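The values are calculated or read from the model by the stated rules, or taken from the named source; none is laboratory data. Every value quoted in this text rests on a predicted model; they were computed, and no experiment measured them. Glycine also receives a Cβ, built like all others from the backbone with ideal geometry; neighbour counts cover every protein chain displayed.
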Amino acid sequence: MPKKTKLKMKNKKSADQKAKNEKAVKVLNKVEQPIKEKKIKAPRSFQTLKGMKDILASENKYWEYVKTKAKNFALNYGYEAIETPILEETALFNRAVGNETDIVSKEMFSFVDQGEENVCLRPEATASVVRSYVQHGMLNLPQPVKFFYFGPMFRYDRPQAGRLRMFHQIGLEAIGEESPIMDAEIIFFVYNFLKDLGLKTVIEINSIGCPKCREAYKTKLVNYYRDRKSGLCEDCQKRLVKNPLRLLDCKEEGCQTYKEDAPQIVDWLCDECKNHFVGVLEYLDESGVTYNLNPRLVRGLDYYTKTVFEFFSDNADGVEGRQDALGGGGRYDGLVEYLGGRPTPACGMALGLERIILKLKENNIEIPALRKPDIFLAQLGEQARKKSFILIEELRKSGFYVVHSCSKKGLKKQLEMANKDGVKYTLILGQKEVIDGTIIVREMEGGAQEIVDFNKTVQEMRKKIILQ
Ligand code: AMP
């Protein structure tokens, strides 16, 4: 190889090497560069969704009180508990409640699930209970079948005091009875239940007839409102075409004046509906329940027939435009058939728990406190802690409500905790008691203490505390 070529190759080699070296240095430099500290963002905190609330321990006594009372009332009136799923097929409510109602057209929490099914969080429970009645062939049971339920409902409403997107209802449904006595019994139930809670109630009642007599009335109503269309709110202009009955319960200021002279459905009831309504009122009169006849009460759901009613707290002002009904209900004689069952008369109601609790608070109604713990178990030292752990379980098995401190706080701190918990007795297990096989029983009110045999703790406490 000529010397020149050799040299050229050598130069090229060293140039390549130089480039390689430079690259390596660059990489090294890069590695050696101080790693910039990544800023770690504080994890974001979360809030409940708009219109939804946590029910905290401080609220518990109200919820327990109202729920327990409602359940006892329902059982006394012969209603049996039913629980239906919170998630249902959207079509169930489209069909039962009605596509043109606010609930279905504006307020449904509906979505398509992973299996491509259109599902929704239930906005109310009557449709679900009727679905269940039909699905499980309950028309073969002795009629009426009377249901009681409690649970959350979901409506994408504008949140405000007493109006939430997730709220709870207590409800009754009596399926398979056409007599007006059933409507009256349900009204009477609510009246007595609210009275028992300490709430005075105003009952608004009306009849919206059956599909036959309602059609003639609707024509009359539409004719009346058509001449006043330009003065109506946007929603009412739509209602005029899609759901004329709801013109009567519009809450907009501008629409109120037209209601005064609007035709009243009671004047259009067929004989059957009229007799039924008179029957309900007679039963109410008989039982001494006072009510207001409200010809403009129509309720917002399509399934109602004949009787409709709402309950308001007595201190609510003015009947018209009131938005704070504690509950409402009515007859729905067409719904069972509409959801695939045989023609079956039915009637029901739902009460809003949040609104009832709000009223109890507003009226400063005293609610009994929840059950307080019976015993506090204070322990000192490792061995006592282990021994007390087993004793606590024994006491609990015997029905005592026992609290304790898991950490190593001294006796003074533990007695302070026992005082806060409001217990009548504190059991004290220290090192000495462990050795002696005893335990100290301290009466919290006077501070008197006695020493008892550790193995007889449960018997001794049974003598002192009468369990309910
Ligand atoms: P409804 O199913 O519309 O007849 O409602 C029955 C009762 O449920 C009402 O009278 C209220 O007490 C309660 N309720 C209805 N909607 C709401 C809501 N958005 N927030 C709280 N309570 C409600």
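Can you tell me which residue in the range 255-281 is farthest from THR201 (Cα to Cα), limited to those that are under 34 Å from the mean Cα position of the chain (by Cα) and either modelled with pLDDT under 95 or of a type in the set (Asp, Glu) (or both)?
Top of the filtered list is CYS255.
Look through LEU297, LEU301 and report the one residue that is part of a loop (DSSP other than H, G, I, E, B), within 10 Å of the ligand (Cβ to nearest atom) and crowded, with 21+ Cβ neighbours inside 10 Å. Quick ask: steps written out before the conclusion?
On the way: LEU297 fails: within 10 Å of the ligand (Cβ to nearest atom).
None of the other options fit; the residue is LEU301.
Might you check whether a residue that is within 30 Å of LEU197 (Cα to Cα), within 14 Å of the ligand (Cβ to nearest atom) and of a type in the set (D, E, K, R) occurs anywhere in the range 82-100?
No, there is no match, as no residue in the range 82-100 is within 30 Å of LEU197 (Cα to Cα), within 14 Å of the ligand (Cβ to nearest atom) and of a type in the set (D, E, K, R).
From the set of residues in the range 313-347 that are outside any loop (DSSP other than H, G, I, E, B), within 11 Å of the ligand (Cβ to nearest atom) and modelled with pLDDT of 95 or more, which is nearest to PRO144 (Cα to Cα)?
GLY330
Taking the range 240-269 as the search range and keeping residues that are outside any helix (DSSP H, G or I) and not polar (S, T, N, Q), which one is farthest from TYR303 (Cα to Cα)?
Looking at residues that are outside any helix (DSSP H, G or I) and not polar (S, T, N, Q), I get ASP261.
Restricting the search to the range 178-194, which residues are among the acidic types (Asp, Glu) and surrounded by 19 or more Cβ atoms within 10 Å (Cβ to Cβ)?
Listed by number, the residues that qualify are ASP183, GLU185.
Could you figure out which of (1) farther than 26 Å from LEU370 by Cβ; (2) touching a Gly at 6+ places or on another chain (Cβ under 8 Å) isn't true of LEU467?
(1)
Hey, any hits in the range 135-152 for a residue that's β-branched (Val, Ile, Thr), buried (at least 20 other Cβ atoms within 10 Å of the Cβ) and farther than 19 Å from ARG299 by Cα?
Within the range 135-152, one or more residues are β-branched (Val, Ile, Thr), buried (at least 20 other Cβ atoms within 10 Å of the Cβ) and farther than 19 Å from ARG299 by Cα.
Can you find a residue in the range 371-386 that is loosely packed, with under 12 Cβ neighbours inside 10 Å, in contact with a Gly (Cβ under 6 Å, 6 or more places away or on another chain) and more than 30 Å from PHE312 (Cβ to Cβ)?
Yes, the range 371-386 has at least one match.
Would you pick out the residues in the range 410-429 that are over 15 Å from ILE392 (Cα atoms), touching a residue at least 12 places away in the same chain (Cβ under 8 Å) and out of contact with any Pro (no Cβ under 6 Å at 6 or more places or on another chain)? Can you show your working first?
Within the range 410-429, the subset over 15 Å from ILE392 (Cα atoms) is 410-417, 419-422, 424.
Those left that are additionally touching a residue at least 12 places away in the same chain (Cβ under 8 Å): 410-411, 414-415, 417, 419, 421-422, 424.
Within the range 410-429, GLY410, LEU411, GLN414, LEU415, MET417, ASN419, GLY422, LYS424 qualify.
Pairs, please: C-beta under 6 Å, at least 6 apart or cross-chain, first residue exposed (fewer than 15 other Cβ atoms within 10 Å of the Cβ) and in the range 209-230, second of a type in the set (A, V, I, L, M, F, W, C) and assigned to a helix (DSSP H, G or I)?
ALA216/TRP268
Within the range 348-390, work out how many residues are within 16 Å of the ligand (Cβ to nearest atom) and either in a strand (DSSP E or B) or over 38 Å from the mean Cα position of the chain (by Cα) (or both).
Matching residues across the range 348-390 total 5.
Pairs under 6 Å by beta carbon, first residue on the phi < 0 side of the Ramachandran plot and among the aliphatic types (A, V, I, L, M) in the range 358-375, partner surrounded by 11 or more Cβ atoms within 10 Å (Cβ to Cβ) and in a loop (DSSP other than H, G, I, E, B), six or more apart or different chains?
Matching pairs, first to second residue: LEU358/GLY162; ILE365/GLY198; ILE375/PHE400; ILE375/VAL423.
Given the structure, is GLY288 within 12 Å of the ligand (Cβ to nearest atom) and among the small types (Gly, Ala, Ser)?
no
Here's a check for you: in the range 46-103, which residue that is small (Gly, Ala, Ser) and at pLDDT below 95 is farthest from ARG371 (Cα to Cα)?
GLY98
Given the range 126-239, what strands (runs of 3 or more DSSP E) lie entirely inside it while holding 3 or more residues that are over 27 Å from LEU293 (Cα atoms) and within 16 Å of the ligand (Cβ to nearest atom)?
145-154, 166-175
Being away from the ligand (no atom under 16 Å from the Cβ) and under 23 Å from ILE170 (Cα atoms) is the filter here, so list the residues in the range 108-118 that pass it. Step through it out loud before you land on a result.
Applying the first criterion (away from the ligand (no atom under 16 Å from the Cβ)) to the range 108-118 yields 110-118.
Result: SER110, single match.
Every residue, every condition in (1) within 23 Å of PHE309 (Cβ to Cβ); (2) modelled with pLDDT of 90 or more; (3) among the charged types (D, E, K, R), yes or no:
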{"residue": "ASP196", "(1), (2), (3)": "yes, yes, yes"}
{"residue": "TYR217", "(1), (2), (3)": "yes, yes, no"}
{"residue": "LEU221", "(1), (2), (3)": "yes, yes, no"}
{"residue": "TYR225", "(1), (2), (3)": "no, yes, no"}
{"residue": "LYS229", "(1), (2), (3)": "no, no, yes"}
{"residue": "CYS233", "(1), (2), (3)": "no, yes, no"}
{"residue": "LYS238", "(1), (2), (3)": "no, no, yes"}
{"residue": "LEU245", "(1), (2), (3)": "yes, no, no"}
{"residue": "GLU253", "(1), (2), (3)": "no, no, yes"}
